[in-house]
Amino acid sequence: MNVFRILGDLSHLLAMILLLGKIWRSKCCTGISGKSQILFALVFTTRYLDLFTNFISIYNTVMKVVFLLCAYVTVYMIYGKFRKTFDSENDTFRLEFLLVPVIGLSFLENYSFTLLEILWTFSIYLESVAILPQLFMISKTGEAETITTHYLFFLGLYRALYLANWIRRYQTENFYDQIAVVSGVVQTIFYCDFFYLYVTKVLKGKKLNLPMPI
């Protein structure tokens, strides 16, 4: 396991902790897309079913369990404990627009037509688009809180570091996972505009304002 993989995992974990911390401290879910968090919980659930069948390492097992717990606690806080603060009026992205094509693609393009493999493939495809409801919500409201932008930055950084991890693995192990790499590139592209705004505005202490959709 190379340094890019470890840094990617830590960036991913930090993003989730930042989001949970924001919700817990403010006791408010304003500006956070519950639909994106549901999709991420679904991503981890379908990807980590091998917890019951394969043991890779203590690190691998611990990280999987932590990601699952963080995902489900976040969903609970949004739709349970702090549901009165959830901005459902602006969290209106149609999930079927993502789920239907992802499910279809998972059956058409996979490495093995078995249940676990199809679910793993589904999780990879879904993760590449799971952030879209959150980005759509920010675009709809026209702005994002600073802590939410930090969450998105580290989530995007995690994916960029994983791209570096795959390049490193190809160089050192001659390993290439086409499904994961292509999906990762697509996911990183969604963050490109956000990265630019984050560097030029948020890091300079300015509030992130996005153009309102017409």
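The values are calculated or read from the model by the stated rules, or taken from the named source; none is laboratory data. It should be emphasised that the depicted structure is a prediction, and the values quoted were computed from it without experimental measurement. Note that we place each Cβ from the backbone using ideal geometry, even for glycine, and neighbour counts take in every protein chain shown. All accessible areas refer to the heavy atoms of the entire protein, side chains included, with ligands and DNA or RNA removed. Shrake-Rupley method; radii C 1.70, N 1.55, O 1.52, S 1.80 Å.
A compact table of results
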| read-out | value |
| --- | --- |
| Paramagnetic reach from residue 115 (point 7 Å along Cα→Cβ, amide N under 17 Å) across the stretch 53-88 | 53-54 |
| Calculated [θ] (222 nm, deg cm²/dmol) that DSSP helices of n ≥ 4 give over the chain, each run adding -39,500 (n - 2.57) | -23000 deg cm²/dmol |
| Exposed trypsin sites (Lys or Arg not before Pro) absent: longest stretch of the chain, with sites in DSSP loops and at most 12 other Cβ within 10 Å deemed exposed | 95-205 |
| Degrees, to the nearest 10: 3-26 long Cα axis against longest axis of the chain | 30 degrees |
| Long pairs among 27/84; 64/84; 22/84; 81/140; 35/84, criterion Cα-Cα beyond 19 Å | 64/84; 81/140 |
| Whole-percent carbon and sulfur share, accessible surface of the stretch 3-208, 1.4 Å | 67 percent |
| Using alpha-carbon coordinates, inclination of helix 132-141 to the longest axis of the chain, degrees | 10 degrees |
| Cβ-based charge dipole, the chain, positive-most Cα from 57, 6, 120 | 6 |
| Column: log10 I(q)/I(0), Debye, Cα scatterers of the stretch 1-83, q = 0.18 Å⁻¹ | -0.80 |
| Per residue, in Å², the accessible surface of the stretch 3-208 once ligands and nucleic acids are set aside, probe 1.4 Å | 51 Å² |
